[in-house]
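Colleague: I'd like to ask some things about the structure below.
The values are calculated or read from the model by the stated rules, or taken from the named source; none is laboratory data. What you see is a predicted model; the values in this text were computed from it and never measured. Methodologically, a virtual Cβ is constructed for each residue, glycine included, from the backbone with ideal geometry; neighbour enumeration extends over all protein chains shown. With ligands, DNA and RNA removed, areas are computed over all heavy atoms of the protein, side chains included. Shrake-Rupley method; radii C 1.70, N 1.55, O 1.52, S 1.80 Å.
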Amino acid sequence: MLFAAPVLALEAPPLDPPARLDELVAPIALYPDPLLAQVLAAATFHDQIPDAARWADQHRELVGQALALAMQAQRLAWDPGVQAMLPFPSVLDRMALRKAWTANLGDAFLAHQRDVMDAIQRQRRKAKEFGYLRTNPTIVVSSGHDIAIVPLNPATIPVPTYDPGTVFAVPRPGLAVDEAVGWGQGVLVGGFQPYGWNLEKFAVIGGYFQAWGWGLEDIDWGARTMIINDAPWRRNWANRGEYAHPYPALQKVVPPQ
């Protein structure tokens, strides 16, 4: 399946006030940094999300190595940033169902990356101050002004569930703060070590989904920069029509579009 080039809007969306940005990022502000980075990258290709969500839903029975090999074998046409979300069908479902929100998030991140990341930090500080966000057996929450959230086990990425109307506000009397954020069992993305170039196994040698950037992503909060697939993510509103983020392992097997 090939995608026609989308018609690109000429003018960048205006910068929303901080309160509006805080509301925009609230559903993902507590995602662990690796998942947050991948969601933000995928949202900038929001036109591809519905089809990717359908594919992920149709292949829910596949996990880990089996899913990675299916993704390789089908030579999917979506941007690798969107493909990276296929191991997370529940996240893709929410992004597909909330099309307007996903488009607004992606466009805001393209046009105002630093401001969006500032908003995420404001929300994290609220959740931490109110006691909802803290280190637990699943994640490690950093100290300091800029808050990082990283999985305790980098091979398993938890997907938190929470009510934004609750966790970014002063706790109500009697509310069980410790139970306000559910971390679940997480999604297995594999162990990580340098991968080889065996085309039959490239998707699993260095972690099931390392070719799509898992295990090679980070957020440099001080610089307000995302690292995707071990490289700074430089897509923005001005270059969005031509920028191609490097995914060298995928370039070995995906034919030219």
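Colleague: Dipole size in debye (nearest 20) for the stretch 111-170 around its Cα centre, Lys and Arg Cβ +1, Asp and Glu Cβ -1?
Modeller: Using only the charged Cβ atoms, the result is roughly 100 debye.
Colleague: Under unit Cβ charges (Lys, Arg +1; Asp, Glu -1), what dipole magnitude, rounded to 20 debye, does the chain have relative to its Cα centre?
Modeller: Once rounded to the nearest 20, the dipole reads 80 debye.
Colleague: Tell me, what HN-Hα J-couplings in whole Hz come from the Karplus equation 6.51 cos²θ - 1.76 cosθ + 1.60 at θ = phi - 60° for each residue of the stretch 167-183, using x for Gly and Pro?
Modeller: Each residue of the stretch 167-183 in turn: 7, 10, 9, 4, x, 6, x, x, 6, 7, 4, 5, 9, 6, 10, x, 9 Hz.
Colleague: Taking a probe of 1.4 angstrom, what is the accessible area of R54 in Å², to the nearest 10?
Modeller: Only protein atoms counted, so the area is about 130 Å².
Colleague: From the phi of every residue in the stretch 72-88, what ³J(HN,Hα) in whole Hz does the Karplus formula 6.51 cos²θ - 1.76 cosθ + 1.60 yield, where θ is phi - 60° and glycine or proline is x?
Modeller: 5, 5, 7, 6, 4, 8, 5, 4, x, x, 7, 4, 4, 8, 4, x, 10
Colleague: Still on this structure, please answer the following. Tell me the relative contact order for the stretch 1-150 as a rounded percent, counting alpha carbon contacts under 8 Å between residues six or more apart.
Modeller: After rounding, I find 35 percent.
Colleague: Quick one: what do you get for the chain if you divide its Cα Rg by 2.2 N^0.38 Å? Write out the running numbers ahead of the final one.
Modeller: Details: Rg = 17.9 Å, N = 257, 2.2 N^0.38 = 18.1 Å.
That ratio works out to 0.99.
Colleague: Oh, and also: If you find the alpha carbon centre of the stretch 43-99 and of the stretch 205-225, how far apart are they in angstrom?
Modeller: Distance between centres, Cα-based: 17 Å.
Colleague: How high is the FRET efficiency from T166 to A19, r the C-beta distance, R0 30 Å, rounded to 0.05?
Modeller: With a Förster radius of 30 Å, E is 0.95.
Colleague: Shifting gears a bit: Counting helices only, and only those DSSP H runs with n ≥ 4, report the 222 nm mean residue ellipticity of the chain as the sum of -39,500 (n - 2.57) divided by its residues, in deg cm²/dmol to the nearest 500.
Modeller: Estimated from H runs of four or more residues: -10000 deg cm²/dmol.
Colleague: Between L40, L97, L175, find the one with the highest GNM mean-square fluctuation for the chain; connect C-alpha pairs within less than 10 Å.
Modeller: So, out of L40, L97, L175, the one fluctuating most is L175.
Colleague: Just to verify a number: what accessible area does D118 come out at with the full protein assembly present, 1.4 Å probe, Å² rounded to tens?
Modeller: Accessible area of D118: about 40 Å².
Colleague: So, one more: Considering only protein heavy atoms and a probe of 1.4 Å, how much of the accessible area of the chain is carbon and sulfur, as a whole percent?
Modeller: 55
Colleague: For the chain, with every protein chain kept in place, what is the accessible area per residue (1.4 Å probe, Å²)?
Modeller: Solvent-accessible surface per residue comes out at 47 Å².
Colleague: Evaluate 2.2 N^0.38 Å with N set to the residue count of the stretch 88-191, then give the Cα radius of gyration divided by it.
Modeller: 1.16
Colleague: I've got another one for you. Can you list residues whose amide H is under 5 Å from V140's amide H, if they're 5+ apart or on another chain and H is modeled 1.01 Å from N?
Modeller: Answer set, sorted by chain and number: V150, L152.
Colleague: Any idea which of F45, G131, L24 is furthest toward the positive side of the dipole for the stretch 1-159, if Lys and Arg beta-carbons carry +1 and Asp and Glu beta-carbons -1?
Modeller: G131
Colleague: For the chain, modelled as a GNM with alpha-carbon contacts under 10 angstrom, which of Q38, Q210, Q72 fluctuates the most?
Modeller: Taking springs between Cα atoms under 10 Å, the residue moving most is Q72.
Colleague: Can you list residues from other chains, or at least 5 along the same chain, whose modelled amide H is less than 5 Å from the amide H of T225?
Modeller: Counting only residues 5 or more places away or on other chains, the set is D220.
Colleague: Of D57, D16, which has the most accessible area with a 1.4 Å probe, and how do the rest follow in descending order?
Modeller: D57, D16
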